[in-house]
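Structure first, commentary second.
The values are calculated or read from the model by the stated rules, or taken from the named source; none is laboratory data. What you see is a predicted model; the values in this text were computed from it and never measured. In this analysis, Cβ positions are derived from the backbone assuming ideal geometry, glycine residues included, and neighbour counts consider all displayed protein chains. We work out accessible area using only protein heavy atoms, side chains counted, and drop any ligands, DNA or RNA first. Shrake-Rupley method; radii C 1.70, N 1.55, O 1.52, S 1.80 Å.
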Amino acid sequence: MTKLFHEIRDPIHVFIHLDWYEKKVLDSRPFQRLRNITQLALTYLIYPGATHKRFEHSLGVMELAGRVFEVLTKPANVTDEVRRLLPDLGSRDALSYWQRVLRMAALCHDVGHLPFSHAAEDELLPKGWTHERLSRLLIESEEMHGIWKSMVPPLEPEHIVKLALGVRKAPDLQFSLWERILSEIIVGDAFGVDRIDYLLRDSHHTGVAYGKFDHYRLIDELRILPSYEGPGEPALGLNGGGIYSAEALTLARYFMFSQVYYHPIRLIYDRHLMDFLRAWLSQGSLLGEGTLPTDIEGHLRLTDDEVNAAIRAAASDANALGHRAAHCIMRHGHFKVLYERDPEDAKVNSEPGAAIAHAAEREFSAEAVRYSKPKVLNVANVFPVLLRDNRIQPAISVSDTLSKLQPTSMEYVFIAPDLADKASAWLKKNRESILANAREQEDEDHEAKPASSTPHAVKS
């Protein structure tokens, strides 16, 4: 007898269940490739347990998306006003269809990830390309299209793309209110299950406690609520009883970024990896001309395995392109932290790390210095909360914790290990003058700017 359902053991969710169609997606080439894409790049060089892959993360996201959908669409959890705004909630056939689309989108949301995930995406993809665009390419590919159309009822690839990418990453597509909310279940800033799973999973595998929170209570308190800003715009929100779990999620994200994702040694290994990839890809060959491949076959061919083999080879060959970066990775000879942003320094110069990095490059050479400024994150998200008296309020007006959380600014300057002692002595001697001189230059540049110019926006 054919087994129609499958179960997979998982350290985070205990069991993950798949039906026959989901198993077909799991067995596809785009999804199986994720077995060889590390979730946290080279973080395992700092936290040895962090060797988990995008494969199991994507399964976890599907599992959580299914749970959230069941809670949100439970008749007792849907008000008449929301049901009027979202007619699909009153149709059993529509709910069955969209539940399958949601789970498939969750399963496929990361298939476009590059080797080592985010480490080199911004600088080594051709202009206009992102891992989300690659995910869309694969979801719409001939191989996956055949799977979508074999289902009963058939799924529309565009629906899967919308839910997997969300409004911001698919601006050319028209989203209904219903599709917007479903996409928020996966990739939303407030309660996206992509975020919930990676916090829980990364915390587990790195061996830290920062990413853990009561996601069971959080999911059980999720609701589709009318907007507090006016009628006609329902949004993914929360019962008031779940606000503490939402605070815990936000704090988990804050601490995981500050303590794990933006750990300075993790950041410098990302730079070494990017330096190696840039040199390796400059050879052209079948990988492309200096960038990561964006065609389907080229993308499917390239995983962490191929890059790791190239790193090992280059580390042993002093004449190989990328040898120095490969040697830093393979021999754990990473650049050392020379400077970490100090709030007092920021009172003198708005970007003290950049000023010190420029001065260090002049003193020791650009090859000996690396500068990293992680993206500033908006940690507190705005979402509606249903209070006991049936008023709907924004979360930041309900929670003191969320209202007070502010983005953390970080900067690091790294120096080649053989220059670490010399550079530290140089910085101790020259730190104040470097910052003061850079401030003077900053003031001169500001005065010289046209009145219409605006400062560069910080990504979040």
Mean Cα-pair separation over length for the range 211-344, i.e. relative contact order, pairs under 8 Å, 6 or more apart, %: 18
Hz values of 3J(HN,Hα) by residue in the range 151-162 - Karplus curve (6.51, -1.76, 1.60), Gly and Pro given as x: 7, 10, x, x, 9, 7, x, 5, 5, 5, 4, 4
Amide proton proximity set for ILE224, modelled H, under 5 Å, gap of 5+: GLY237
Nearby lysines by direct alpha-carbon distance to LYS24 (threshold 30 angstrom, same-chain neighbours under 8 apart not counted): LYS3, LYS53, LYS74, LYS149, LYS162, LYS169
Long-range amide H partners of LYS53 with built H, under 5 Å: GLN39
Length-normalised contact order of the chain in % [C-alpha pairs under 8 Å, at least 6 apart]: 14
Longest site-free stretch - the chain; sites: trypsin sites (Lys or Arg not before Pro), DSSP loop, at most 15 other Cβ within 10 Å: 4-126
Percentage relative contact order, the range 138-196, counting C-alpha pairs under 8 Å, at least six apart: 23
Segment GLN259-PHE175, length gained on full extension (0.36 nm per residue, minus Cα span): 26.6 nm
Value of [θ]222 nm, deg cm²/dmol, for the chain, DSSP H segments ≥ 4, -39500 (n - 2.57) each, nearest 500: -15000 deg cm²/dmol
Alpha carbon centroid spacing (whole Å) that separates the range 39-110 from the range 230-273: 17
Long-range amide H partners of MET151 with built H, under 5 Å: none
Antiparallel DSSP beta bridges within the chain, as percent of all bridges there, nearest 5: 90
Nearby lysines by direct alpha-carbon distance to LYS404 (threshold 28 angstrom, same-chain neighbours under 8 apart not counted): LYS212, LYS347, LYS373, LYS375, LYS459
Net charge of Cβ neighbours under 14 Å - reference ARG388; Lys, Arg +1; Asp, Glu -1: 0
Gained length - ASP214 relative to ASP93, 0.36 nm times residue gap less alpha-carbon distance: 40.3 nm
Environment charge at GLU143 (Cβ cut-off 13 Å; Lys +1, Arg +1, Asp -1, Glu -1): 0
Distance between modelled label sites at SER350 and GLU7, nm, 7 Å Cα→Cβ extension: 5.7
Solvent-accessible area, 1.4 Å probe, carbon plus sulfur percent, for the chain: 51
Gained length - GLU432 relative to ASP418, 0.36 nm times residue gap less alpha-carbon distance: 2.6 nm
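Just flag the chymotrypsin sites (Phe, Trp or Tyr not before Pro) in the range 293-382 sitting in loop per DSSP whose Cβ has no more than 15 other Cβ atoms within 10 Å.
Taking the range 293-382 and a limit of 15 other Cβ atoms within 10 Å, no loop chymotrypsin sites (Phe, Trp or Tyr not before Pro) are found.
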Shape category assigned to the range 50-104 from the gyration tensor of Cα positions, a/c cut at 1.5: prolate
For the chain: rounded, prolate or oblate by the Cα gyration tensor [a/c cutoff 1.5]: oblate
³J(HN,Hα) computed for each position of the range 24-38 - Karplus, 6.51 cos²θ - 1.76 cosθ + 1.60, integer Hz, glycine/proline x: 5, 5, 4, 7, 6, 4, x, 7, 4, 4, 5, 5, 10, 10, 5
Helix axis angle, 54-73 relative to the chain longest principal axis, alpha carbon, degrees: 40
Backbone HN-Hα couplings from phi across the range 354-371 [Karplus 6.51/-1.76/1.60, Hz, Gly and Pro as x]: 5, 4, 5, 4, 4, 5, 5, 4, 5, 7, 10, 4, 5, 5, 8, 10, 10, 10
